[in-house]
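One structure below.
The values are calculated or read from the model by the stated rules, or taken from the named source; none is laboratory data. Source: prediction; values computed, not measured. Glycine also receives a Cβ, built like all others from the backbone with ideal geometry; neighbour counts cover every protein chain displayed. For the accessible areas, the whole protein counts, side chains as well, though only heavy atoms, and no ligand, DNA or RNA atoms are used. Shrake-Rupley method; radii C 1.70, N 1.55, O 1.52, S 1.80 Å.
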Amino acid sequence: MPYVFSLRICSAFIIVAQSLLLTRISSKKFDRQMYHYGTFPENFYWGVSSSAYQIEGGWNVDGKGPSVWDTFTQKPGSGIPDNANGNKACDSYDRLDEDLYMLRAMNVKSYRLSLSWSRIFPTGRRASVNQKGVDYYNRLIDGLLALKITPMVTIYHWDLPQALQDEGGWENEEMINIFNDYCDFCFTTFGDRVKFWMTMNDPQGIAWLGYGSGTIPPNIVKPGTAPYQVAHNLIKAHALAYHTYDEKHRSSQKGVVSIALNAEWVEPIDITVPREIAAADRAMQFQLGWFAHPIFKNGDYPEAMKAQVLVKSELQGLSESRLPSFTEEEKSFIKGTADMFCVNHYTTRIVTHITGPITPDSYENDWDFTKEEVKDSKPTDIKNQRAVSWGLRRVLNWIKEEYGNPEIYITENGVATKSKTAWNDYDRVYFYKTYINEAFKANELDGVRVKGYTAASLMDSFEWLNGNTVGFGLYHVDFTNENRPRTPKFSAHFYFQVMKNNGFPMPDDEKIWMDRKHVNSLWSCFSDRD
């Protein structure tokens, strides 16, 4: 009974807090559609993104070892359209100069890239270091700096070396030290020039999609236990790498370190119903809070998540929660292991409370909520991913309120369209125009400390389970051509202009309407006529 009582108190606090937040940032449809003119701060970081497996190709050349994505995509029956894979992808390993040319043409301030773990360490371990792989990243980093472009480097972006997965992958606690050794090597080798690090990308996707549902490599299906254990190891691995940078490299290199977390916004189906508000809070905590709460708040999992998994575990007859616990020492070690908040955001969903099943045990069954699309928003060419621009402003406000107003870098934001169209991607232009404007509203009107925006992505690339059927790129890549020619889309020209203007300065023909004297004069004319 004491546990149930404390759970009710916890839920009451959640409902009050969530209600206050929703009330503050709630807006009518008319307000959402209002365009806000102005410019970002002068030192705002405008950039574009990519990831190693999606663009590099060269999967088995110059000493590179296989990753779990190499293994998966080359296996018959992967389910990827047209049996596509990243063996060649955009051929960036052999076309580095072309990538640098595109970046120079875009005149970006930053480029988010990832390192291929198995290109640097073919077996995943330092003893196998591959100098040709190191040389490639040295050329890339030096090329960026020559163009005055800041490299934002993700050390691990889903492509775990297959050799490490053969040893148990992220279910194996030894991975914490193995990953730290890899990060330490990267800090030592590239840190004299790289000043912006992300240890890993979207750990929630790794934990659930990789080890729970088995949707992505390594395709492990253990939905009730493995996601929690994997996440536990990922969080501790990130924290250890952060402290390694702090203790060995920060004083000389003077860089910053974080982790890139994926965050959908979730809207309760009815903001006047307490249990729907609590369900929306659970949705945020099970997704974003799973990793952000330990790192940015108190070193531990969110209370709503701990309570939920414990109750389900007890009802399943288990003696302890399926969600592992951190020791007090581990909590202190994990808390505060990020210098800024890096967030990937693509869509918004509607959440409804349900009483979920007890069995089978599953991360999804632990939720007690369902998610659905925002039906009145524009669909995209990725299933279940609608363009809901106002959700970005809300999730940025959530991060501000939940995690103490950190500096925020939007490290991925973009939209997929059918990759066959090389020029007229007007849907992408509309997406960027509305989403970036919502980020600007959050910064200008709400006081959210948005420091950078990264468009996903520089060019069409291998889009994971969607293969080459869709593209997120500002540049079109012709995957039917051996030379992989790149062609700028209309959105590349639009984004170039946004970056050049540092936002959305008011057009001259709009300024006259904002001139108070002119408006007063205009209304006096109407008054005289009446």
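Please determine, by comparing only the residues of region 283-325 that are basic (Lys, Arg) and touching a residue at least 60 places away in the same chain (Cβ under 8 Å), which one is surrounded by the most Cβ atoms within 10 Å (Cβ to Cβ). Only one residue fits best here, namely ARG322. Against the numbered list (1) acidic (Asp, Glu); (2) open to solvent by less than 10 Å² (accessible area, probe 1.4 Å); (3) touching a Lys or Arg at 6+ places or on another chain (Cβ under 7 Å), ASP478 comes up short only at (2). Of all residues in region 365-392, those satisfying the criterion of being within 30 Å of VAL309 (Cα to Cα) and in a helix (DSSP H, G or I) are GLY391, LEU392. Going by what's in this entry, would TYR432 be described as crowded, with 23+ Cβ neighbours inside 10 Å, closer than 19 Å to SER50 by Cβ and hydroxyl-bearing (Ser, Thr, Tyr)? No. Among residues of region 328-340 that are in contact (Cβ under 8 Å) with a residue 12 or more places away in the chain and within 21 Å of TYR409 (Cβ to Cβ), those with a Cβ under 6 angstrom from a residue that is open to solvent by less than 50 Å² (accessible area, probe 1.4 Å) and among the small types (Gly, Ala, Ser), sequence gap 6+ or separate chain, pair up as ILE334/ALA239; ILE334/GLY299; LYS335/GLY299; THR337/ALA239; ALA338/SER258; ASP339/SER258; MET340/SER258.
Number of residues in region 355-380 that are farther than 22 Å from PRO227 by Cα and open to solvent by less than 60 Å² (accessible area, probe 1.4 Å): the value is 4. Give me a count of the residues in region 189-206 that are of a type outside the set (Val, Ile, Thr), under 28 Å from LEU318 (Cβ atoms) and open to solvent by less than 30 Å² (accessible area, probe 1.4 Å). Qualifying residue count, region 189-206: 2. Restricting region 444-467 to residues that are among the hydrophobic types (A, V, I, L, M, F, W, C), in a loop (DSSP other than H, G, I, E, B) and open to solvent by less than 10 Å² (accessible area, probe 1.4 Å) leaves a set whose member that is farthest from SER50 (Cα to Cα) is VAL448. Could you please find all residues in region 326-352 being in a strand (DSSP E or B) and either closer than 27 Å to LYS451 by Cα or open to solvent by 40 Å² or more (accessible area, probe 1.4 Å) (or both)? If the condition is that a residue be in a strand (DSSP E or B) and either closer than 27 Å to LYS451 by Cα or open to solvent by 40 Å² or more (accessible area, probe 1.4 Å) (or both), then PHE341, CYS342, VAL343, ASN344, THR348, ARG349 are the ones that fit. Cβ separations smaller than 6 Å between residues 6+ apart or across chains give the following pairs from region 464-479 residues that are under 15 Å from THR380 (Cβ atoms) to residues that are open to solvent by less than 10 Å² (accessible area, probe 1.4 Å) and among the acidic types (Asp, Glu): GLY471/ASP460; GLY473/ASP460. Out of VAL309, VAL257, VAL221, one residue alone is modelled with pLDDT of 95 or more and within 18 Å of LEU160 (Cα to Cα). It is VAL221. Considering only residues in region 109-149 that are crowded, with 20+ Cβ neighbours inside 10 Å and among the polar types (S, T, N, Q), the one that is farthest from the chain's Cα centre (by Cα) turns out to be SER118. Taking (1) out of contact with any Asp or Glu (no Cβ under 6 Å at 6 or more places or on another chain); (2) assigned to a loop (DSSP other than H, G, I, E, B); (3) on the phi > 0 side of the Ramachandran plot in turn, ASP82 satisfies each apart from (2). Restricting region 381-410 to residues that are polar (S, T, N, Q) and in contact with a helix residue (DSSP H, G or I) (Cβ under 6 Å, 6 or more places away or on another chain) leaves a set whose member that is surrounded by the most Cβ atoms within 10 Å (Cβ to Cβ) is SER389. Any residue at all in region 72-86 that's more than 18 Å from LEU164 (Cβ to Cβ), surrounded by fewer than 20 Cβ atoms within 10 Å (Cβ to Cβ) and touching a Lys or Arg at 6+ places or on another chain (Cβ under 7 Å)? For region 72-86, residues more than 18 Å from LEU164 (Cβ to Cβ), surrounded by fewer than 20 Cβ atoms within 10 Å (Cβ to Cβ) and touching a Lys or Arg at 6+ places or on another chain (Cβ under 7 Å): absent. Flag set for PHE72, criterion: over 22 Å from the mean Cα position of the chain (by Cα), among the aromatic types (Phe, Trp, Tyr), farther than 26 Å from ASP192 by Cβ and modelled with pLDDT of 95 or more. Taking each residue of region 139-159 that is closer than 12 Å to VAL108 by Cα and β-branched (Val, Ile, Thr) and looking for partners that are part of a strand (DSSP E or B) and at pLDDT 95 or above with beta-carbon atoms closer than 9 Å, six or more apart or interchain, yields ILE149/GLY47; ILE149/SER110; ILE149/TYR111; THR150/TYR45; THR150/GLY47; THR150/SER110; THR150/TYR111; THR150/PHE196. Checking TYR93, TYR53, TYR101 one by one, the residue that is without any contact (Cβ under 8 Å) to a residue 24 or more places away in the chain and within 18 Å of VAL477 (Cβ to Cβ) is TYR101 and no other.
Rundown of residues vs (1) closer than 18 Å to GLY289 by Cα; (2) at pLDDT 95 or above; (3) not aliphatic (A, V, I, L, M), yes/no style:
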| residue | (1), (2), (3) |
| --- | --- |
| TYR363 | yes, yes, yes |
| ASP368 | yes, yes, yes |
| GLU373 | no, yes, yes |
| TRP398 | yes, yes, yes |
| GLU407 | yes, yes, yes |
| THR411 | yes, yes, yes |
| ASP427 | no, no, yes |
| TYR430 | no, yes, yes |
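If only residues of region 207-231 that are open to solvent by less than 10 Å² (accessible area, probe 1.4 Å) and part of a helix (DSSP H, G or I) are counted, the one that is nearest to TYR53 (Cα to Cα) is GLY210. Residues that are open to solvent by less than 20 Å² (accessible area, probe 1.4 Å), over 12 Å from ILE120 (Cα atoms) and not in a loop (DSSP other than H, G, I, E, B) within region 55-71 comprise ILE55, VAL68, TRP69, ASP70, listed in sequence order. The set of residues from region 240-282 being closer than 13 Å to VAL395 by Cα, outside any helix (DSSP H, G or I) and open to solvent by less than 10 Å² (accessible area, probe 1.4 Å) comprises LEU261, ALA263, TRP265, VAL266.
Would you be able to say whether some residue in region 382-395 is of a type in the set (Phe, Trp, Tyr), within 30 Å of TYR426 (Cβ to Cβ) and in contact (Cβ under 8 Å) with a residue 40 or more places away in the chain? Yes: one or more hits.
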